[in-house]
Amino acid sequence: MRIEHLFAGGVRQVRDHPQLVYTAVLAAAIVASFSYVAISFSGIAKDAQDQLVNVRIGSLQDAFAPLSAEVWDKPDVLRTYMRHLQELNPTIVDFDIVAQSPAAATAQWVVIFSSDPKREEQIVFRQDLLLNLAKSDPSHSFTIETSEGGVRYFYTARAVIGRDGAFRGIALTKQTLSAADQEIGTSLDHATITLVIIVLFLMLLFFRHARIIDYAVLYRKLREVDTLKDDFISMASHELRAPLTAIRGYAEMLGDQSLDTAARTQAIQRIDLSAKELDSLVADMLDVSRIEQGRMKIEPVRLDTKQALTEVCDTWEMRAKQKELTLTRELQENLAIMVDPDRFRQIAINLISNAVKYTNKGGITVRTYTENHEFVLRVSDTGIGMTEDERQKLFAKFYRAAGADVRKEQGTGLGLWITKELIEKMGGRVSVESIKGVGSHFIVRFTLAEAA
Ligand code: ADP
């Protein structure tokens, strides 16, 4: 359970910070290359060691063989000589001179002289091939490698030929490289420890990196919040000031006793309009805070979309007419979805009011239909449209396109953010198709409600 938890945490970290994958790949590459270098280096060192030892023992025997022939008749001198050579070369375990026993039937190889007298007269087992080879070619020394009980041994043989040219025996050495092997093993152990330390450092680096990324993400978020704050202040001061100035102006006007009834009525209407603007601004801000704090209440019920949209269109038809725009409805019958009716209306109002706001000639079409068993609401206009860059930023909080045709309209840049949040909270999706100067289509999709 704990491991699963850790694993899930790790997957989350990597998903949130894909940069970590690069660090991990880099760490793995360093470990792999270090291991490769260490292993191949120890292999090379082993080979070099073997070659060196073989060359050394070869030359030792090359020098020893003719010399031993000279003192063949003085066994003690020969033995002392062999002992001395063995002392000088600690890798030599046994140093013998062997010869074939006269009994032709057995033809076994027997130790005749040895640095260790106890070995004399012992039979030499399993070296027949090497000894016969050395006997057949007296001008060379021959080496074979064997393994006894997990330890590597090198047997080297060279024929001893007397002055008269007669074959006397074979100088046979048994060497071990266990000390060198051990040293290489120790080096490998050291390399492994170093590798473990490197891996630990890399892991440390890895986690530090993860934390640095966290800080970077936090820093970016803080900057975003800071920009949002600036946007909010500039939006709020502008959007609050315009209706407030209007209210103050008309209120002052109302104080003028000489004002006729028509002018009074107009002033009161303007005050009412500005108050409504302020009201909708405050409502938007409240919605933002409700959504952000997860306090937005959504109570889905089965809603007949045609009825809900007809009401919204009725309201906005007037405003469209004032701008000499047409508002066409193509609302399919019997399309029901499971949504919060107030929030659905709010979505429709936002999209239709934007379409009216950002269209100067032509008209708006509100269409509903089904596609791939989904309900689709399409609000199209022949308005100012937007660039691809603007389209991508459209749903960001406080975003408003920079063009004068947008800035001349009142707006907070919150409507579409709220719209998108509401749609997604009710399980729907929203997308936009638009061409600058031609018009825009806002497309909202919801799952159709089951038949009643
Ligand atoms: P507001 O309308 O208050 O500025 P919105 O969040 O509703 O804020 O819209 C954000 C921005 O998206 C607008 O400022 C405008 O630039 C762009 N926009 C929205 N609807 C349309 C539309 N129908 N046609 C062209 N641009 C639009």
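The values are calculated or read from the model by the stated rules, or taken from the named source; none is laboratory data. If you're wondering where the values come from, they're calculated on a predicted model, not measured in any experiment. Please note: Cβ atoms are built from the backbone with ideal geometry, for glycine as well, and neighbour counts cover all protein chains shown. Accessible surface areas use protein heavy atoms only, side chains included; no ligands, DNA or RNA. Shrake-Rupley method; radii C 1.70, N 1.55, O 1.52, S 1.80 Å.
Here are the numbers for the structure shown:
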{"quantity": "For segment 199-206, Karplus couplings with θ = phi - 60° (6.51, -1.76, 1.60), whole Hz, Gly/Pro x", "calculated": "4, 4, 4, 4, 5, 4, 4, 4"}
{"quantity": "Counted charge near residue 258, where neighbours are those whose Cβ lies closer than 14 Å (Asp, Glu -1; Lys, Arg +1)", "calculated": "-2"}
{"quantity": "Cβ-placed point charges (K, R +1; D, E -1), dipole of segment 75-223 about Cα centre in debye, nearest 20", "calculated": "1060 debye"}
{"quantity": "Within straight-line cross-link reach of residue 357, lysines at Cα separation under 18 Å, skipping those fewer than 8 residues along the same chain", "calculated": "276, 321, 323, 408, 436"}
{"quantity": "Simple Cβ-charge dipole of segment 198-329, Lys/Arg +1 and Asp/Glu -1, about Cα centre, in debye nearest 20", "calculated": "580 debye"}
{"quantity": "Among 219, 23, 175 - extreme Cα towards positive end, dipole of the chain, charges at beta-carbon", "calculated": "219"}
{"quantity": "Most to least packed among 161-171, 354-364 [average Cβ atoms within 10 Å]", "calculated": "354-364, 161-171"}
{"quantity": "Solvent-accessible area, 1.4 Å probe, carbon plus sulfur percent, for the chain", "calculated": "59 percent"}
{"quantity": "The chain, relative contact order in percent, only Cα pairs under 8 angstrom and at least six apart counted", "calculated": "10 percent"}
{"quantity": "Residue-normalised accessible area of the chain, expressed per residue, 1.4 Å probe, Å²", "calculated": "60 Å²"}
{"quantity": "Local net charge near residue 324, Cβ-Cβ under 15 Å (Lys/Arg +1, Asp/Glu -1)", "calculated": "+3"}
